[in-house]
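Structure first, then comments.
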Amino acid sequence: MSTHSTRSARDTAQSADILRLENVTKRFGSVTAIDDLSFTIRDGDIVGFIGPNGAGKSTTFDCVSGALAPTSGSVYYRGEDVTGRPQHALVRRGIARTYQTFRPLNDRTILENVALSQVPNSLFSLTDFRADTEERAREICERVGLEEYLSQTPDELPHAGLLRLEVGRALGTDPDLLLIDEPFAGLTSDEIDQTVKLFCSLREDGMTLVVIDHNMHGLLDLVDRVVVISFGEKIAQGTPEEIHNDPTVQEAYLGGEL
Ligand SMILES: Nc1ncnc2c1ncn2[C@@H]1O[C@H](COP(=O)(O)OP(=O)(O)OP(=O)(O)O)[C@@H](O)[C@H]1O
């Protein structure tokens, strides 16, 4: 999917681990949202990042994507220390994320939403809408299944369409590492299947995906590995089967659905 000139620079810096967190802690006043968290994500994997409500999953994504700076600890991307770098710099390096609460530009069409995502944090007006930008946006919309909605606005999309738009806007930044926050919430089982297929196809294109969910639902057919956190600490990591049978994980879920 690569179109950006920055990609060749990224490729030269490839390593087996695309992402490494070392002893990352994030505090909000007296609340410790992430507590000495360390894990690695291998290039090309799809990893499930699960944990009960309030475990620190979204805060971890915020620290990786540059929305928040960790209180202590380090984040390495392709072997380079990127701790505390601003979000726009990390987007250029190839890290994108989607949000649990969708954030489309409500006064723009679907096509414009995806086109504008290709030029993050720069001054850009629709009068500068270049043909190649529009062409690329069309390709992405087709890729995520929004080709029928190009001239509509986000409020005309069903919930599953808004998720696709969120993914499409992330793809507009041409990521190598895509962090996806709770994509399956509110989807029917058919929509979950289609979303799983979309994510698998992104991996086939060379992307690495980290997918948050509360539990394993929706993730089983998708992920190679799972990292589990509870109260901000990593409590387990392994294959989906290993995680499912892990007594520490079962205890964290207090008998609830894993
Ligand atoms: N900006 C903030 N200020 C204060 N506390 C925060 C802030 N953001 C998160 N927290 C707290 O940090 C902890 C972890 O929150 P986080 O949203 O990362 O968890 P989560 O695993 O993503 O939860 P959920 O699955 O419910 O989305 C929670 O106790 C939360 O209340």
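The values are calculated or read from the model by the stated rules, or taken from the named source; none is laboratory data. As the structure is a computational prediction, the values presented were derived from the model and not from experiment. So basically every Cβ, Gly included, is an ideal-geometry build from the backbone, and we count neighbours across all protein chains shown. To get the accessible areas, we keep the full protein, side chains included, count just its heavy atoms, and leave off ligands, DNA and RNA. Shrake-Rupley method; radii C 1.70, N 1.55, O 1.52, S 1.80 Å.
Please compute the Cα-Cα pair-distance distribution of the chain with 5 Å bins starting at 0, giving whole percents from short to long.
Per 5 Å bin, starting at zero, the Cα-Cα P(r) for the chain comes out as 1, 6, 13, 17, 19, 17, 13, 8, 4, 1, 0, 0 percent.
Mind checking which lysines have their Cα closer than 18 Å to the Cα of residue 234? Skip sequence neighbours fewer than 8 apart in that chain.
Within the straight-line limit of under 18 Å, residue 234 reaches these lysines: 26, 57.
Carbon and sulfur atoms: what percent of the 1.4 Å accessible area of the chain do they account for? Let's see the in-between values first.
Values: 5460 of 11790 Å².
The value for the chain is 46 percent carbon and sulfur by accessible area.
Report, by chain and number, residues whose modeled amide H sits under 5 Å from the one on residue 73, excluding near sequence neighbours (fewer than 5 apart, same chain).
Those lying under 5 Å, H to H, from residue 73 are 25.
What list of ³J(HN,Hα) couplings, whole Hz, do you get for segment 59-70 from phi and the Karplus terms 6.51, -1.76, 1.60, once you set θ to phi - 60° and write x for glycine and proline?
5, 4, 4, 4, 6, 6, 8, x, 5, 10, 8, x
Using amide H atoms built 1.01 Å from N in the peptide plane, name the residues 5+ places from residue 235, or on other chains, whose amide H lies under 5 Å from its own.
228, 229, 230
For residue 224 and residue 189 in the same chain, what is the full-extension length gain: residue separation times 0.36 nm, less their Cα-Cα distance, in nm?
Details: separation 35, 0.36 × 35 = 12.60 nm, distance 2.05 nm.
In short, 10.5 nm is gained.
Note down the net charge around residue 241, summing +1 for each Lys or Arg and -1 for each Asp or Glu among other residues with Cβ under 14 Å from its Cβ.
-3
Could you calculate the contour length gain from residue 156 to residue 244, that is, 0.36 nm times the residue separation minus the distance between their Cα atoms, to one decimal place in nm?
Going from the current span to full extension adds 27.8 nm.
For residue 23 paired with residue 53, estimate the spin-label separation in nm (one decimal), with each label point 7 Å from Cα along the Cα-to-Cβ line.
Taking the simple label geometry, residue 23 and residue 53 are separated by 3.4 nm.
Using the heavy atoms of the protein chains and a 1.4 angstrom probe, tell me the accessible area per residue for the chain in square angstrom. Can you show the working numbers first?
Details: 11790 Å² over 258 residues.
Result: 46 Å² per residue.
Step through the residues of segment 79-85 one at a time and calculate ³J(HN,Hα) from phi using the Karplus curve (6.51 cos²θ - 1.76 cosθ + 1.60, θ = phi - 60°), rounding each to whole Hz and writing x for Gly and Pro.
x, 9, 6, 10, 3, x, 5
Could you work out how much longer the chain between residue 203 and residue 74 gets when fully extended? Use 0.36 nm per residue separation minus the Cα distance between them, nm to one decimal.
43.9 nm
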